[in-house]
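So that we are looking at the same thing, I have put the structure below in structure tokens.
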Amino acid sequence: MFVVEDLILGEEKIEYVKLGKEKGFSALENEIILKDLCMSCGLCESICQEEVIKVEEQPLLIGECSNCGDCLIYCPRSFLPIDDGEVLGEYVMKIAARAKDERITKVSQDGGFVTALLCYALEKKIIDGAIVSMTTEEWRAKPFLATSIEEIINAAGSKYTPSPNLRLLKGAKERGLKSIALVGLPCHIQGVAKLQHYNNDLAKIIKFAVGLFCKSSFNTSLLREFVTKYNIDLNKVKKLDIKGKYFRVYKNGDVIKVPMKEIGKFARSSCKYCFDFSAKLADFSVGSVGSAEGYSTVIVRSEIANELLNGMMEEGVIETTEVEDELIIKLSETKIKEAKKRVKAKIKEELPLALKQFVR
């Protein structure tokens, strides 16, 4: 089921609702997964009452479905209109920040703000854990529930393959955690927003959410391509990074620079329909764009985020400077424009022949 609204068609507004015959996981599979819309956020695994959905790179049904339909209802790719009025969304302030703790700065991707934030919140007992992404030996991302400073620091650094972080929400609640932070991409944050909208119990343990700037996630085949083409031993890779127009692989003091145009083919199909670069629904939005080398750009969007940032500044946990938002705005506008174009084409594919003329 989908509805074509002003967000996509502007003045050409029509409403077209397709009522499928599928129920339960079959509906999720046919409406989201098989149409290349699944972002592998992992929420359907946590929300499944029967515990018969398993998410790795994509959701799989591993038992008998009760056809409750929660997986499709809570999916961030269903029934979630995103207001594109303000290109950066609502926020309290924008700032560039970097951690002062050397344990963090020597392993962090940019300014280490997210790691410093999580460590600060854990030390102050504001949270008792954080859902983050870890890196496997093959440089693939995997979700991880960190409950110590050491675990949080070990999870530092950007990952570029899918990580179904929301699959750990249910487990965190069952372990008795009462207040957690969640770090994820805009798609993960949209899943959190769905939980909050429906006042689901899983949302009640999330103290704050950190959204990372994201243009696209990449298929794991990207890593296999690097290994083959550049004869890379992944065990010797120290860091992966995107800077400007290049994807960079750091190993043994050397840096392999690959033009972003070359790796575009590895972008996940589902990412092409995403409107959100700066994680507009998060408490904090964080990335490197807009800040000087060694700093993180931080967009503060909520009261809890503002309180945490002020506390970190007062206690000298971070140092700050100004941020330039021109490139953030440009990348956000580009992502919205490209996504609208692709969604419009996707809608046209689904429409009956008689209605295609309304979508040009």
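The values are calculated or read from the model by the stated rules, or taken from the named source; none is laboratory data. Remember, predicted model here, so these are calculated numbers, not experimental data. All Cβ positions, glycine included, derive from the backbone under ideal geometry; neighbour counts span all protein chains shown.
For the range 126-146, state whether one or more residues are aliphatic (A, V, I, L, M), out of contact with any His (no Cβ under 6 Å at 6 or more places or on another chain) and farther than 25 Å from GLU307 by Cβ.
Looking through the range 126-146, at least one residue is aliphatic (A, V, I, L, M), out of contact with any His (no Cβ under 6 Å at 6 or more places or on another chain) and farther than 25 Å from GLU307 by Cβ.
Can you tell which of LYS265, LYS239 is surrounded by fewer than 22 Cβ atoms within 10 Å (Cβ to Cβ), within 22 Å of the chain's Cα centre (by Cα) and part of a strand (DSSP E or B)?
Of LYS265, LYS239, the one residue that is surrounded by fewer than 22 Cβ atoms within 10 Å (Cβ to Cβ), within 22 Å of the chain's Cα centre (by Cα) and part of a strand (DSSP E or B) is LYS239.
Of all residues in the range 160-180, which are modelled with pLDDT of 95 or more and aromatic (Phe, Trp, Tyr)?
Hits for the range 160-180: nothing passes.
Within 27 Å of LEU331 (Cβ to Cβ), in the same structural domain as VAL114 (by TED's automatic domain parsing) and among the polar types (S, T, N, Q) - does that describe any residue in the range 168-183?
No, the range 168-183 has no match at all.
Mind checking whether some residue in the range 310-318 is part of a strand (DSSP E or B) and modelled with pLDDT of 90 or more?
Yes, some residue in the range 310-318 is part of a strand (DSSP E or B) and modelled with pLDDT of 90 or more.
Give VAL92, VAL55 a once-over and let me know the one that is surrounded by 21 or more Cβ atoms within 10 Å (Cβ to Cβ), of a type outside the set (D, E, K, R) and in contact (Cβ under 8 Å) with a residue 60 or more places away in the chain.
VAL55
Conditions tested, residue by residue: (1) over 21 Å from LEU222 (Cβ atoms); (2) among the polar types (S, T, N, Q).
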{"site": "ASN252", "(1), (2)": "no, yes"}
{"site": "VAL255", "(1), (2)": "no, no"}
{"site": "GLY264", "(1), (2)": "no, no"}
{"site": "ASP283", "(1), (2)": "yes, no"}
{"site": "VAL286", "(1), (2)": "yes, no"}
{"site": "GLY294", "(1), (2)": "yes, no"}
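List the helices (runs of 4 or more DSSP H) that sit entirely inside the range 133-224 and contain at least 2 residues that are without any contact (Cβ under 8 Å) to a residue 24 or more places away in the chain and basic (Lys, Arg).
Qualifying helices (runs of 4 or more DSSP H): none found.
Only one of these conditions is not met by ASP254: (1) outside the structural domain of ILE299 (by TED's automatic domain parsing); (2) among the acidic types (Asp, Glu); (3) under 18 Å from THR161 (Cα atoms). Which number is it?
(3)
Between residues in the range 22-36 that are free of Cβ contacts under 8 Å to residues at least 24 places away in the same chain and residues that are surrounded by 14 or more Cβ atoms within 10 Å (Cβ to Cβ) and not in a loop (DSSP other than H, G, I, E, B), which pairs lie under 6 Å by C-beta distance while being six or more apart or on different chains?
GLU22/ASN30
Kindly evaluate GLU324 against the criterion of being assigned by TED's automatic domain parsing to the domain that holds VAL183 and in a helix (DSSP H, G or I).
No: the conditions fail for GLU324.
Then there's this: Does the range 205-217 contain any residue that is more than 20 Å from SER108 (Cβ to Cβ), over 18 Å from the mean Cα position of the chain (by Cα) and either assigned by TED's automatic domain parsing to the domain that holds GLN49 or surrounded by fewer than 17 Cβ atoms within 10 Å (Cβ to Cβ) (or both)?
The answer is no; no qualifying residue exists.
Still on this structure, please answer the following. Could you figure out which of (1) of a type in the set (Val, Ile, Thr); (2) touching a strand residue (DSSP E or B) at 6+ places or on another chain (Cβ under 7 Å); (3) not in a loop (DSSP other than H, G, I, E, B) isn't true of ILE126?
Result: ILE126 fails condition (3) only.
Let me ask another. If you take the residues of the range 95-111 that are at pLDDT 95 or above, touching an Asp or Glu at 6+ places or on another chain (Cβ under 8 Å) and not charged (D, E, K, R), which of them is surrounded by the most Cβ atoms within 10 Å (Cβ to Cβ)?
Ranking the candidates gives ALA97 first.
In the range 58-82, how many residues are outside any helix (DSSP H, G or I), touching a residue at least 40 places away in the same chain (Cβ under 8 Å) and on the phi < 0 side of the Ramachandran plot?
10
Could you tell me whether any residue of the range 39-53 is within 23 Å of the chain's Cα centre (by Cα) and part of a strand (DSSP E or B)?
yes
Scanning the range 300-314 for residues that are out of contact with any Phe, Trp or Tyr (no Cβ under 8 Å at 6 or more places or on another chain) and of a type outside the set (A, V, I, L, M), which turns out surrounded by the fewest Cβ atoms within 10 Å (Cβ to Cβ)?
For the range 300-314, the residue satisfying everything is GLU314.
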